[in-house]
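A.B. asks: After the structure tokens below, expect a handful of questions from me.
Derivation of every value follows stated rules applied to the coordinates shown; laboratory data play no part. Note that the coordinates shown come from a computational prediction; the quantities given were computed from them, not determined experimentally. Heads up, the Cβs are rebuilt from the backbone with ideal geometry, glycines too, and the neighbour counts pull from every protein chain shown.
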Amino acid sequence: MKTKAPGIIAIVIALGLIATGIFVKRQLDMPQYLIIFHILGGLLLVTGISLLFLGRQSKE
């Protein structure tokens, strides 16, 4: 796929993971899961941004 869709989807899922980590920590009182959700969200965020930039370079 040479569109921006995979990158945008990855970024949206990453932001959801980060928000889920904050929710789990504050509402369910499970701070040990915060780091797991934030690490996974951060990796997916970097992947999504990379996909966006790779898609842009292949079009030029």
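A.B. asks: Working from Cα positions, state the angle (0 to 90°, nearest 10) between the long axis of helix 32-59 and the longest principal axis of the chain.
C.D. replies: Taking the Cα atoms of the chain, the angle to 32-59 is about 10 degrees.
A.B. asks: Something else: Tell me the angle of helix 5-27 to the major Cα principal axis of the chain, expressed in degrees between 0 and 90 and rounded to the nearest ten.
C.D. replies: So the helix axis and the longest Cα principal axis differ by about 10 degrees.
A.B. asks: Quick one, which of (i) -0.72, -0.75, -0.91; (ii) -0.31, -0.35, -0.71; (iii) -0.43, -0.48, -0.71 is the actual log10 I(q)/I(0) by the Debye sum over Cα atoms at q = 0.14, 0.15, 0.21 Å⁻¹ calculated for this model?
C.D. replies: The calculated read-out lines up with (iii).
A.B. asks: Another question, if that's okay. What distance in nm lies between label points placed 7 Å from Cα along the C-beta direction at Phe53 and Val12?
C.D. replies: About 2.3 nm separates the two model spin labels.
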